[in-house]
Each structure stands twice: as C-alpha cells, then as structure tokens.
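Pasting in a structure now, in structure tokens, and then I'll have a few things to ask.
The values are calculated or read from the model by the stated rules, or taken from the named source; none is laboratory data. Because the structure is a prediction, the values reported are computed rather than measured. Virtual Cβ from ideal backbone geometry, glycine too; neighbours counted across all protein chains shown.
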Amino acid sequence: MISPPAAEEWTTQQLLAMADRLVRRSQDRALTDLGLTHAAVTALQGLAAGPQSQNQLAARIRVRAQTMGGILTRLDAAGFITRVRDPRNRRRIEAALTSTGRTALEKARRTEIDLLPPGSSEPGTLRRELIKVIASFSSPAADPARAAAASSDAAATTFRARTPSTGNEGLAGSGHDGP
C-alpha cells in the first residue's frame, strides 16, 4: 500500500478529510453508472426508513432543506422517489422511495462495500470508531454555535415568561405605542 508522503504526520482530522474526499470521488465515479451521486444515495438511505418531508429528511442527514430540495427534485425526475401530499396535513409533501429507488439503493450499498480497499482494517472496527466520532460531533456541546443558540432560545423563553404582558406585543411599527 502506497501512502501520501506526509500522511504519517497528518492529524486525525486531516486524515478524515482526505479519506472523505478520496472515498467520495471514488464513490461518485462508481455511482455514475447507477445515475446517482453520494448525496443522492444519502437521501435514498434516509428515505429507506419511510416517507418523510423535505425538512425532516434534511434534518435527519444534516443538510440544509434547500440543498435537500435540489436532491429530491433530481431523484423524483429519475423515478427513484415520489412526492405525495400527506393526507393528514395537505400542506405537507412527503418523499418516498419507489421500487426503482429501493433497487438503486441496494446496488449503491453493494458498490460502496466493493470500494473498500483490500487489506484495509476490519470494516466493523472502522465503522464503530466513525460512529463514535459522528456521535461526539453531533451533540450540542460539540457545536458551540448550536449550544449558544439553544441557550439563547432558553433565555428568551424564560425572559418572555417572566415579563408582564401589556397586550401590545407584536404591534411595533403599527402606530399603536401602548397605553
């Protein structure tokens, strides 16, 4: 096995970033024959759990809803998913896998497994370690901006709960300045 000259000196974060780039590039080349990309497979995998709205799916796989919208549009056009109105809430549209999408996902999973280099570490061990890394970065404490926003939201809720109401909230700029 040939390794990049400086790889032994790289930090774990640099190794993860390089592995991510190389795996995605290789995966995208292999998935082209299936009409898929890494992002599309991730969305299909998220939908394997059942129909979901665009926002639910975006939150589940940690991308922006706008990004997910583009991915779902391409998957719908290719026949991998359908979009239907939720009968319980007509404003909500859910995406669901089609049988073609399910078949494509199964083929993509086999393709991903085949991409692992021969002689690499035991895939189960690598998976467990990567799951630990993802879990540690997914907690609110690991994301200072998310933790600060949650703290700020909690403080604002507490402040609103303790502030007496004048009945004029939300009337700013309406010409009504209160009693």
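Name the helices (runs of 4 or more DSSP H) wholly within the stretch 2-98 that hold at least 2 residues that are at pLDDT below 90 and of a type in the set (V, I, T)?
12-31
Sort out which residues of the stretch 27-55 are surrounded by 14 or more Cβ atoms within 10 Å (Cβ to Cβ) and among the hydroxyl-bearing types (S, T, Y), and write them in order of number.
If the condition is that a residue be surrounded by 14 or more Cβ atoms within 10 Å (Cβ to Cβ) and among the hydroxyl-bearing types (S, T, Y), then T37, T42, S53 are the ones that fit.
So, one more: Scanning for something at pLDDT 70 or above and among the polar types (S, T, N, Q), does the stretch 103-111 turn up at least one residue?
Scanning the stretch 103-111 turns up at least one residue that is at pLDDT 70 or above and among the polar types (S, T, N, Q).
Right, something else. Regarding L15, is this residue surrounded by 14 or more Cβ atoms within 10 Å (Cβ to Cβ), on the phi < 0 side of the Ramachandran plot and not charged (D, E, K, R)?
No; evaluated as a whole, the condition is false for this residue.
Moving to a separate point now. Hey, L126 hits all of (1) exposed (fewer than 12 other Cβ atoms within 10 Å of the Cβ); (2) closer than 21 Å to L22 by Cβ; (3) modelled with pLDDT under 85 but one; which does it fall short on?
Condition (1) is where L126 drops out.
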